[in-house]
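Below: one structure, written as structure tokens.
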Amino acid sequence: MVQTRRSTRAAAPVLSTSTAESLKRRKAASVDKSDDSEHKSAAKKPARKRRKKTEDELSTDDFPERISSPWKIGAHVSAAGGVENTVRNAAFVGANAFALFVKSQRKWDSPPLCAENIEAFKRRMHAFGYSSKHVLPHGSYLINLGNPDEEKRQKSFDCFLDDLQRCEQLGLELYNFHPGSTVGQATKEESIALIAECINNAHKATTHITIVIENMAGSGNVIGSQFSELKGIIDLVENKTRVGVCLDTCHLFAAGYDISTMDGWDTTLSEFDSVVGLSYLKGMHLNDSKAALGSRKDRHENIGLGQLGISVFRHIVSDSRTQHIPLILETPMFDATEIWTKEISTLNCLSKLVDDSKVPETELSLVDEITSLVRSRATNKVTKVNKTRTRKRDAKEEEEHDSECA
């Protein structure tokens, strides 16, 4: 006789038809309630998404009124969230000009500009009344067109050309860059020729952009600290209608051009006109200097708080030779809009200061206001850092305590 093997699983109870139907109805009702609960929960706690302001929401009425002046004063503003936001950020600080990075300044490659960003940038430029002549994009810090290493120079050129093409996509006219360095492996004359060659090739690959060479402080093997070096590059550029110069006040002073007095400023600009030509002056960077005259150190300081002093900026923004070109602040505390707002309003005030008897008192008052803002910002920053450190320390101590108790 064969004995059947008994299953170890318990036998399922047999349900009556009516009981089975009742259980089915209960289960269905339970599922419906669960679904309703999930939908209600989703309605109460929607996914958090960063909402972008539409063009209708961005009203020019919400921004400070900008003064009308032939001196186009502004700042290098952030492009975080999209290049179109630079227009808004410039308007927010009362700027009549501005600078921007058209892509990350510390990466060789960046995603291309999308059509939506380009169109939004152009719409905002029109809405806020900015002219492309008063926008001075800044090139990547990685670019070195003077590098004698062909492979490295080509990499720089590709990044350089990409910047230029982005500017043209945005409808801009100017592009400012640091000329480069010999890296100790070539003469300055050789590197100057390489820079000019790159500019010529870039002109052929673009349609209208004007390439603006920035003067430098003169550290190490860097090219462009002397007007003769800027002239050397321009002399070798084939299309001279599409090349220019941006003079940085901090760089001038660090390179040995004493512009701290009115006579010094006049002498320096006259020398620039004689060597390079004023027709090539397409923009300026307005920065005070932490470092001394001829130090060759590129150390920016807030307006009136450095070695240059505030008087030179009054000379610059009341000089007819600097009218109708972008005059861009690159001063510290760039993340504090109230400081740039104050510096821009200070420069606009100085440009209209015609009563010599009021100059010393006004300048001192303006410097005091900037100093107060900078100190307040620095104090707040230190306080914030200390709070963060304290919070992290307390959390660590609590974690160690819990560990010991366990």
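Conditions: (1) closer than 23 Å to residue 231 by Cα; (2) over 19 Å from the mean Cα position of the chain (by Cα). Residue 317 meets all but one. Number of the miss?
(1)
Testing residue 136 on (1) within 16 Å of the chain's Cα centre (by Cα); (2) more than 24 Å from residue 323 (Cβ to Cβ); (3) surrounded by 14 or more Cβ atoms within 10 Å (Cβ to Cβ), one condition comes back false. Which one is that?
Only one criterion is unmet by residue 136, namely (2).
Given the criteria β-branched (Val, Ile, Thr), out of contact with any Lys or Arg (no Cβ under 9 Å at 6 or more places or on another chain), assigned to a helix (DSSP H, G or I) and modelled with pLDDT under 90, does residue 379 qualify?
Yes; evaluated as a whole, the condition is true for this residue.
When only residues in the stretch 154-194 that are out of contact with any Pro (no Cβ under 9 Å at 6 or more places or on another chain), acidic (Asp, Glu) and within 25 Å of residue 327 (Cβ to Cβ) count, which is surrounded by the fewest Cβ atoms within 10 Å (Cβ to Cβ)?
Step by step, filter the stretch 154-194, then rank; the result is 168.
Scan the stretch 237-264 residue by residue and report those that are part of a loop (DSSP other than H, G, I, E, B) and either surrounded by fewer than 16 Cβ atoms within 10 Å (Cβ to Cβ) or under 25 Å from the mean Cα position of the chain (by Cα) (or both). First the steps, then the outcome.
So in the stretch 237-264, the residues part of a loop (DSSP other than H, G, I, E, B) come out as 237-239, 255-261.
Correct list: 238, 239, 255, 256, 261.
Within the stretch 113-123, is there a residue that is in contact (Cβ under 8 Å) with a residue 60 or more places away in the chain and among the hydrophobic types (A, V, I, L, M, F, W, C)?
Looking only at the stretch 113-123, we keep the residues that are in contact (Cβ under 8 Å) with a residue 60 or more places away in the chain, and these are 120, 123.
Adding the requirement that they be among the hydrophobic types (A, V, I, L, M, F, W, C) leaves 120.
So far as the stretch 113-123 goes, yes, one or more of its residues are in contact (Cβ under 8 Å) with a residue 60 or more places away in the chain and among the hydrophobic types (A, V, I, L, M, F, W, C).
For the stretch 287-299, enumerate the residues that are under 9 Å from residue 251 (Cα atoms) and either part of a strand (DSSP E or B) or modelled with pLDDT under 95 (or both).
The answer is 289, and nothing else.
When residue 336 is evaluated against the numbered criteria (1) farther than 26 Å from residue 130 by Cα; (2) aliphatic (A, V, I, L, M); (3) at pLDDT below 90, which criterion, by number, is the only one it fails?
Evaluating residue 336 over (1) farther than 26 Å from residue 130 by Cα; (2) aliphatic (A, V, I, L, M); (3) at pLDDT below 90 leaves (1) as the failure.
Name the residue that is nearest to the chain's Cα centre (by Cα), counting only residues in the stretch 78-101 that are assigned to a helix (DSSP H, G or I) and surrounded by 23 or more Cβ atoms within 10 Å (Cβ to Cβ).
So the first thing to find is which residues in the stretch 78-101 are assigned to a helix (DSSP H, G or I), and the list is 85-92.
After this cut, where a residue has to be surrounded by 23 or more Cβ atoms within 10 Å (Cβ to Cβ) as well, the list is 86-87, 90-91.
Values: 86: 8, 87: 12, 90: 11, 91: 14 Å.
Checking each candidate, the answer is 86.
Within the stretch 174-217, track down each residue that is assigned to a strand (DSSP E or B) and free of Cβ contacts under 8 Å to residues at least 60 places away in the same chain.
In the first step, residues of the stretch 174-217 are kept if they are assigned to a strand (DSSP E or B); the result is 174-177, 181, 210-214.
Listed by number, the residues that qualify are 175, 177, 181, 211, 213.
Which members of the stretch 273-303 meet the condition of being among the acidic types (Asp, Glu) and under 24 Å from the mean Cα position of the chain (by Cα)? Break it down stepwise before answering.
Taking the stretch 273-303 as the starting set, the residues that turn out to be among the acidic types (Asp, Glu) are 273, 288, 298, 301.
Answer for the stretch 273-303, where residues must be among the acidic types (Asp, Glu) and under 24 Å from the mean Cα position of the chain (by Cα): 288, 298, 301.
Can you find a residue that is within 27 Å of residue 237 (Cα to Cα) and either in a loop (DSSP other than H, G, I, E, B) or of a type outside the set (Phe, Trp, Tyr) (or both) anywhere in the stretch 122-132?
Yes, the stretch 122-132 contains at least one residue that is within 27 Å of residue 237 (Cα to Cα) and either in a loop (DSSP other than H, G, I, E, B) or of a type outside the set (Phe, Trp, Tyr) (or both).
The values are calculated or read from the model by the stated rules, or taken from the named source; none is laboratory data. Values in this document were obtained by computation on a predicted structure and should not be read as measured data. Because the Cβ atoms are built from the backbone with ideal geometry, glycine has one as well, and the counts that use them run over all protein chains shown.
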